[in-house]
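Working notes, beginning with the structure itself.
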Amino acid sequence: MNSKKQVLGISSSVILSLLIITVALNFQSLETQPSDIAKLSGWFILEHRDIDGNLVTPIQVHKNLITNEGMECIADLVFATTDCTAEAKFSYVAVGLTNTSPVDGDTALNSESGTCSRVQDATVDVDAAVTGQRNYTLISVFSGANCEGEAYVEGGIFDASSSGNMLATAIFSPSVTLSSGETLTITYNVTAKNT
């Protein structure tokens, strides 16, 4: 009788141990599922054109930095929390004059232009061709009539026409200086996807 109890006790211990190992492995497996990892990445594309539409300088493509504030605002918009101040749709592009490398904690451009106002794209385009991925395109055109003579070396994406929250930023090299009649088209592409 005692031997049966010992066998049952040992069997129960073995089963319990196997159960614990199985649960632990399942949790470990869940932690590494690709669908649990989301990625947000973006690029600024610059086209500096003359009055006839010809390129003045080659097209520039610059990888952006998504800021901490930008990520907090995205979470606020998704979960209706309040880490971010009065967040709204990110649809404004700003240009600036200082090429100090951006860092995650930036909340504004190094030196935003005081003469060249932010330009809004109120109808951001969305490409949903790939399941689990969205490509967003924001296009803002800066005019030499309003933005003449300054050397622009940085850009940012904001949710307001002034102040507001900054989603992303990048440094431009070489700089872009507009003359009257010229335009600077800044296309901001951002991709959100599971990795």
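When you scan the range 62-94, how many residues do you find that are of a type in the set (Asp, Glu) and touching a strand residue (DSSP E or B) at 6+ places or on another chain (Cβ under 8 Å)?
Going residue by residue through the range 62-94, those that are of a type in the set (Asp, Glu) are 69, 72, 76, 83, 87.
Filter once more, keeping what is touching a strand residue (DSSP E or B) at 6+ places or on another chain (Cβ under 8 Å): 69.
Adding up the residues that qualify gives 1.
Given the criterion surrounded by 15 or more Cβ atoms within 10 Å (Cβ to Cβ), in contact with a strand residue (DSSP E or B) (Cβ under 8 Å, 6 or more places away or on another chain) and under 18 Å from Asn189 (Cα atoms), identify the matching residue among Leu138, Leu97. Step through it out loud before you land on a result.
On the way: Leu97 fails: under 18 Å from Asn189 (Cα atoms).
None of the other options fit; the residue is Leu138.
With the requirement that a residue be under 19 Å from Asn68 (Cα atoms) and under 17 Å from the mean Cα position of the chain (by Cα), what does the range 98-128 give you?
Within the range 98-128, Ser101, Pro102, Val103, Asp104, Gly105, Asp106, Thr107, Ala108, Leu109 qualify.
Determine whether Thr131 is at pLDDT below 95 and not small (Gly, Ala, Ser).
It is true that Thr131 is at pLDDT below 95 and not small (Gly, Ala, Ser).
Considering only the range 112-130, how many residues are without any contact (Cβ under 8 Å) to a residue 24 or more places away in the chain and in a loop (DSSP other than H, G, I, E, B)? Quick ask: steps written out before the conclusion?
Applying the first criterion (without any contact (Cβ under 8 Å) to a residue 24 or more places away in the chain) to the range 112-130 yields 114, 123, 125-129.
From what is left, the residues that are in a loop (DSSP other than H, G, I, E, B) are 114, 123, 128-129.
Total satisfying the criteria: 4.
Between a residue in the range 131-147 that is farther than 15 Å from Ala168 by Cβ and any residue that is part of a helix (DSSP H, G or I) and at pLDDT below 95, which pairs come within a Cβ distance under 8 Å, given they are 6 or more apart or on different chains?
Qualifying pairs under 8 Å: Gly132/Ser35.
The values are calculated or read from the model by the stated rules, or taken from the named source; none is laboratory data. As the structure is a prediction and not an experimental result, all values here were calculated from the model. We place every Cβ from the backbone using ideal geometry, glycine too, and count neighbours over all the protein chains shown.
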